[in-house]
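Some notes on the structure that comes next.
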């Protein structure tokens, strides 16, 4: 215990001897799942991991969380697996600049939901051309996914009347007819879409099977999925779309003993986390082994092995 406390003090200069150690958790905006999920993490870690003070921070979400964790301004981050994969490997927006992050746990799958109002004339992704479209807040996983997916389908973001809005801002802009469509990448149901659908007819724009296959063949961190029927008012049939898992990452330099305790408490307190958000039912050791996009921190891998799981070579940190 003393050894990992002293090591963490070197990583977190804001702490001084005798104080609790700060564990800052990069989440997202208050209108998504990351923020309440991160609040749940802070609560269980403060209760069950001695000597720390965990706080969930409002951030711009996935892309910002990578950079904050890489720089050590936060030590835990929630993000989509596409962002984590490309950041760790120095690809895409992070080309030539691999980020010093490792996985702690898989969280839950999110679904890309492109939403328009009924009567907008937008019945397919190709009909977004020339329309006012929100591709997600700057630094968010939604924006990152749109920047990978839409150009692959021949939709030039530069040719759109593009907006960069949060989930809540998306809903308000659709309600006020300031945009024609907006993107959400979130575990359904999204409260902001539910609120919009309560007062306006909505249309969730479907992907074709060919569009799904083109994306999943190029980007293996995406999967073909669907938005279930009935999840929003007026959505009476399943909507084919794309999905991506979310992951909790940590700064690569965190002490093994600390991350072991964080992982242990996260998984052992899963029942409580489900009360925070139902998507926590996916946050399991088994899903972590199956869906982590990048190597696990040695502390998290140690816990998974301790409970009898096999950690594949691709998830062993080197």
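Numbers at a glance
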{"read-out": "Single residue of region 267-293 satisfying the filter (closer than 19 Å to residue 42 by Cβ and touching a strand residue (DSSP E or B) at 6+ places or on another chain (Cβ under 6 Å)) that is modelled with the highest pLDDT", "value": "283"}
{"read-out": "Count - residues of region 77-93 that are at pLDDT 95 or above, in a helix (DSSP H, G or I) and more than 26 Å from residue 22 (Cβ to Cβ)", "value": "5"}
{"read-out": "Residues being under 23 Å from residue 34 (Cβ atoms) and either under 13 Å from the mean Cα position of the chain (by Cα) or part of a loop (DSSP other than H, G, I, E, B) (or both) - total across region 236-250", "value": "7"}
{"read-out": "Some residue of region 118-139 being in a strand (DSSP E or B), within 30 Å of residue 304 (Cβ to Cβ) and at pLDDT 95 or above", "value": "no"}
{"read-out": "Checking residue 80 against (1) more than 18 Å from residue 262 (Cβ to Cβ); (2) surrounded by fewer than 22 Cβ atoms within 10 Å (Cβ to Cβ), the condition it does not meet", "value": "(2)"}
{"read-out": "Residue count for region 192-223, restricted to those that are exposed (fewer than 15 other Cβ atoms within 10 Å of the Cβ), part of a helix (DSSP H, G or I) and touching a residue at least 60 places away in the same chain (Cβ under 8 Å)", "value": "1"}
{"read-out": "Test set (1) under 29 Å from residue 182 (Cα atoms); (2) at pLDDT 95 or above - residue 263 fails condition number", "value": "(1)"}
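The values are calculated or read from the model by the stated rules, or taken from the named source; none is laboratory data. Please read all numbers here as calculations on a predicted model, not as lab measurements. Here Cβ is always computed from backbone atoms with ideal geometry, including for glycine, and neighbour counts include all displayed protein chains.
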